[in-house]
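Student: The structure that follows is given in the form of structure tokens.
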Amino acid sequence: MTSSDMNSNLNRLRSMALGSSSKQPDPPHQQEPRASPETLNARLKLRRTPNEEHEPEHYEDLQLGFNPSLFRSLERFLPENLLGSTRIEKARAMSDLLLRYSPESERIRVQKHREYRQNILSSYQRLHEELYTLDPASFFVPSFLNAVSNTSEENFKSVIARVAPGIYTFDMFKPEFCQMLIAEVENMEKWFHYSKSSMMRPTTINKFGVVLDDFGLDAMLQKLLDDFISPISQGLFPEVCGTGLDSHHGYAIEYGKYRDTDLGFHVDDSEVTLNVCLGNQFAGGELYFRGVRCDNHVNSEIKENYDYSQVPGQAVLHHGRHRHGARAITAGRLVNLVMWCRSSTFREAKRYQKDSSSWCGGCKLEKHNRQQAAIKATVEVLKRRGAEKAHVELSSKSTAH
Ligand SMILES: [Zn+2]
């Protein structure tokens, strides 16, 4: 389920839980949410209006199966007696509520994924514990830290380079961090191999790669999003994340022998994508970008061309709808950290807005063509009017004679 789906379900869920019993659907026959009498169930009635004075908790570090920002929004609707409960109790209450009213297929998917994650978390032995808590000083190179902490625009621009329209690059991670993360990813792959479990791959086009969120790195990556990537992106991509990015899908991709060799031409399911090269022994694997497009124009003609040679430790930040791919790796191995960053506000707004000309190259071109046609038509009308007026003047002159 995408965050926008989840947020759009919020109103529906809320109206259901508000207790309009005649409209409340029958509880599903199977996959009933786990009974938790101490918190919620049928008796839970949400407030009709949000409690604006209540400051909701953060839920990013919990394995909830739903977008953490949804929990923050929903918490303001919890009844007063539940607001004083522990964070875990509130999370469980809201999670049960969401599951109870989700479509059955979605409920099964969420529960399966929850079990999948719990299985990993209960037996996976972390190799580098220090990766699981964001430590800016030991993760980032000083120039990046300086760019984000120093408010000078000049300083920011000197570190974060705009290499093509909508594509930014900057040095981000220290070599030690990159090596540690590569080793951790290898350790995750090894765990799957020995546990004989089947792994959920990061995307539909990856045959290899690891979802880092499933292994417990989601809290660290969410903090990376909240404290660094979201504030940076708000300034660089105001058209899609002016209000900030609030959820992510974080994974590692691996290119090389016995791994994916390249990555086909595609767009991401994100508003903004952070892609950081971690490997240091490779040749090839260039990224190619071919213009930002909305769903309607994703196959439209290519006018933009930008190719990027990957640099270890360097990040590329681009619009999620920027059509792109990765060329085949010709030697060595390459591991990339990828984070699809999403904005629930943008996704909700997009449902009602048909005009994507602020960011889609195709829509922009159509709008331009429409404007040109309108100008041409106006000029024609004016010309015709001018000719008619001249004709009238001429004929009035000739009748006066
Ligand atoms: Zn478009």
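Every number here is computed from the coordinates shown, using simple stated rules; none is lab data. Since the model is a prediction, treat every value here as computed from it, not as a measurement. A quick note on method: Cβ atoms are made from the backbone with ideal geometry, for glycine too, and the neighbour counts reach across all protein chains shown.
Student: Along the Cα-to-C-beta direction of LYS397, a point sits 7 Å from the Cα; which residues of the stretch 363-387 have their amide N less than 19 Å from that point?
Tutor: In the stretch 363-387, the label zone of LYS397 (backbone N under 19 Å from the point 7 Å along Cα→Cβ) covers 384-387.
Student: Given charges of +1 on the Cβ of Lys and Arg and -1 on the Cβ of Asp and Glu, with all other atoms neutral, how large is the dipole of the stretch 360-401 about its Cα centre, in debye to the nearest 20?
Tutor: 140
Student: Of GLN281, HIS319, HIS297, which is farthest along the charge dipole of the stretch 264-391 in the positive direction, counting Lys and Arg as +1 and Asp and Glu as -1 at C-beta?
Tutor: Result: HIS297, furthest along the dipole toward the positive end.
Student: Could you state the number of Å between the C-alpha centres of the stretch 242-266 and the stretch 123-160?
Tutor: Cα centroid to Cα centroid, the span is 20 Å.
Student: May I ask for the distance between the Cα centers of the stretch 50-78 and the stretch 338-380, given as a whole number of Å?
Tutor: About 33 Å separates the Cα centre of the stretch 50-78 from the one of the stretch 338-380.
Student: Please provide three numbers in whole Å: the alpha-carbon extents of the chain along the principal axes, with the largest listed first.
Tutor: Between the extreme Cα coordinates on each principal axis of the chain lie 104, 65, 41 Å.
Student: I would also like to ask the following. If the only charges are +1 at each Lys and Arg Cβ and -1 at each Asp and Glu Cβ, what is the size of the charge dipole of the chain around the Cα centre, to the nearest 20 debye?
Tutor: 1680
Student: Residues with beta-carbon under 13 Å from that of LEU145, excluding LEU145: net charge, scoring Lys, Arg +1 and Asp, Glu -1?
Tutor: -2
Student: What order, most packed first, do the peptides 111-118, 240-247 have when packing is the mean number of other Cβ atoms within 10 Å of each residue?
Tutor: Final packing ranking: 240-247, 111-118.
Student: If you don't mind, there's one more thing I want to ask. Rounded to the nearest 500, what is the chain's calculated 222 nm mean residue ellipticity when only DSSP H runs of at least 4 contribute -39500 (n - 2.57) each, over all residues?
Tutor: -13000 deg cm²/dmol
Student: For the stretch 101-131, list residues with backbone N below 15 Å from a point placed 7 Å from the Cα of MET200 toward its Cβ?
Tutor: Correct set: 105-122.
Student: Highest mean first, how do 219-226, 272-279 rank when packing is the count of other Cβ atoms within 10 Å averaged over residues?
Tutor: Descending mean neighbour count gives 272-279, 219-226.
Student: Any idea what % of Cα-Cα pairs in the stretch 192-262 are farther than 18 Å?
Tutor: Counting every Cα pair in the stretch 192-262, those more than 18 Å apart make up 53 percent.
Student: Find out how many positive minus negative residues lie around HIS266, taking Lys and Arg as positive, Asp and Glu as negative, among other residues whose Cβ is under 12 Å from that of HIS266.
Tutor: Once all neighbours under 12 Å are counted, the net charge is +1.
Student: Sorting check: for 386-395, 259-268, 79-88, 165-174, which peptide has the highest mean count of neighbouring beta carbons within 10 Å, and how do the rest follow?
Tutor: 165-174, 259-268, 79-88, 386-395
Student: Relative to the first principal axis of the alpha-carbon coordinates of the chain, what is the inclination of helix 175-195, with its axis defined by its Cα atoms, in degrees from 0 to 90 and to the nearest 10?
Tutor: 60
Student: Could you put THR345, THR378 in order, starting from the residue whose Cβ has the fewest other Cβ atoms within 10 Å?
Tutor: In order of increasing Cβ crowding within 10 Å: THR378, THR345.
Student: I want the local charge near LYS174. Using Cβ-Cβ distances under 14 Å, sum +1 for each Lys or Arg and -1 for each Asp or Glu among the other residues.
Tutor: So the environment of LYS174 carries a net charge of -4.
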